[in-house]
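Data first, discussion second: the structure below is written as C-alpha cells.
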Amino acid sequence: MLRMEIALFLVIAFVAYMYFSAEKERTVLHRTFSILLMVVLVHLALDGATVYTVNHLETVPGLFNDILHRLFLGSMVVVISLFYQYIAILVQEETGKGRRLDWPARIFLIVAVLGNFLLPISYTVTPEGNYSSGPYMLVPYAAVAFYLLLCAGLFIVNWKQLDQKKKSAIGIALVIEFVVCVLQGLHHTLLISSMGITLMTLSFYLTLENPEALRTELIEQKMSMLYLKSQVNPHFLYNTLDTIRIQAQLNGDKQVADLLMRLVDFFRLSVKVDRSMVTLDDEMELLEAYMELMCCRYPDLSCEYDIDPELGGAQVPNFILQPIVENSLLHGLKNKGYRGDVTISAQKVSNDRMEISVRDTGSGFAEGKKAAIDAMLQSYARYLPKLTGNSIGILNVQKRIKLLCGREYGLNYTENTDGGVTAHILLPLKEELR
C-alpha cells in the first residue's frame, strides 16, 4: 500500500514540475490550480507517512501518530475545498454568474478543520490492515460529501452553458471521486482516498491545465490573427483606393499623396504580427491611420481621442482596436450614412488595470442583438476562431485578450443613453506609468 502512495506522490510531483516550469496565464483559476497542486503534494506525503504509522502502532509513539493523522485528514479537507473553488471559478468564467456559495464553503472549511483537530481519534486493527477511526472521521466524510454536493450542484445547474471540454473535466473528476468514496466507505482498509484525489487532479491537468494544450490554443489564435491581418477586409482596401482615385481627379497631388501615405502607414503597421503585445502608442498609431482614411472617405464622420498620455507605454494585445472601431462603423454608423462621431479613450481604472473604450453615436443594437453579442462574448471559449461572419472581429479580439491577458479581462458592450453603443476593453496595466 505504501508503494502506491509513493507512486502517486511522484506522479503529482512530475505534473507540478511540468506545470510550474511552463509559461501560463496568471489568472485566479491558474493560481487556484497552483495552490491545489502544492496542497495535494503535501497531502500525498502525509498519506504515505500515515499508511506506515497506522500499521506500526506498537512502535510509533501514539501522539506522533495522532498528529500525523489529523494533519493528513485536515489536508484532505483543504484539498476537497480547493477542488470546489476551482470548479466554481471555471463555472463563473463560463457563465458570468457570481460564486454565491463561497461563504458557506469557507465557513464549513473552518468548522471542518477545527473538528478534525478537536474530536477524539482512535484506531481499528484488523487482519487486512489498520485504519484510523473515531468521531474525528466524521469530518472528512462530511467534508467530501458537502463539497461534492456543491460541485455536482454547480455542474448540473450550469450544464448547458459549459463547453464540452470543461464538462468532460468536471464530470470525470466528480465520477472518479464519487466511486472512490463509495469503495473506501465499503472497505475501510483499502485506503485509496488519495488515489481519487490524484485522479481528479490529473483530469483537470490533462484537459484544462496542460501547458501544451494552452500553447496549441495560442498558436491557433495567432494563426487566426495572421489570416485576419492578411485579409484586412478587402472592401476597405478597394473602397479606399477608389476614394483616392476620385480625389485625384478633383484635387491636387498633395492630398492624394497624404492619403496614400496614411494608407501605406496603416498596412505597414497592420502586418506587424511578430509580437503578440505592443504598446498602446503603437496600437493608436495604426488606428489613427485607419480613421484618417475613413474620415476622408466619409466627410460627415468624425473621430475624437481621449488618451491618458501616461498610458502610452502600456502593453496591449496587437491589433485589437481597429476591428472594434470597424465594427462600430459597419454596424452602428452605416445605417446613419456614416454621419456621427467615434470617440476612443484610454484611462487607468486602478493601479493594475486600464480600460479602452470605443464610443459611437450610431443606430445602436437591433432588437435582441445585444443579448446575442453578450452571450457570444461571455461564452467565447465555446466558439472556434472565426474567419467569416459579422462577429469575426469582436470574437477574435475577445479570445486573444482572454488568452494573452487572463480571463478576468476582456471586451463587453453597453448601450449609450443618448444613442449608439460603447465597447469597453478591460486590460491589465503591465508597465509602470511613464
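The values are calculated or read from the model by the stated rules, or taken from the named source; none is laboratory data. On a predicted model such as this, the values are computed, not experimentally measured, just so you know. Calculation scope for accessible area: heavy atoms of the full protein, side chains included, ligands and nucleic acids excluded. Shrake-Rupley method; radii C 1.70, N 1.55, O 1.52, S 1.80 Å.
Across the stretch 99-104, rounded Karplus estimates of 3J(HN,Hα) from the backbone phi angles (6.51 cos²θ - 1.76 cosθ + 1.60, θ = phi - 60°) give 8, 6, 8, 5, 5, x Hz, Gly and Pro being marked x. Computed 3J(HN,Hα) for the stretch 293-301, one whole-Hz value per residue from the Karplus formula 6.51 cos²θ - 1.76 cosθ + 1.60 where θ = phi - 60°, is 5, 5, 5, 6, 5, 10, x, 8, 9, glycine and proline marked x.
Step through the table entries Lys348/Lys430; Lys336/Lys399; Lys334/Lys402; Lys97/Lys160; Lys165/Lys369; Lys97/Lys166, compare each Cα-Cα distance with 19 Å, and write down the pairs that go over it. Too far apart for the 19 Å limit: Lys336/Lys399; Lys334/Lys402; Lys165/Lys369. Ranked by solvent-accessible area (1.4 Å probe, protein heavy atoms only, all chains present), the residues His56, His43, His424 order from largest to smallest as His56, His424, His43. Take the stretch 1-73 with all the other protein chains still there, run a 1.4 Å probe, and you get 51 Å² of accessible area per residue.
Report in % the part of the accessible area of the stretch 19-122 that belongs to carbon and sulfur, leaving out ligands and nucleic acids; probe 1.4 Å. Heavy-atom surface of the stretch 19-122 belonging to carbon and sulfur, 1.4 Å probe: 70 percent.
Taking amide H atoms as placed 1.01 Å from N in the peptide plane, the amide H of Met277 lies under 5 Å from those of Asn318, each 5 or more residues away in sequence or on another chain.
Within the accessible surface of the stretch 294-372, defined with a 1.4 Å probe on protein heavy atoms only, the carbon and sulfur portion equals 45 percent.
Non-local amide H neighbours of Ile307 (under 5 Å, H modeled in plane, Pro and chain starts lacking H): which ones? Under 5 Å from the amide H of Ile307 lie the amide H atoms of Ala346, each far enough along the sequence or on another chain.
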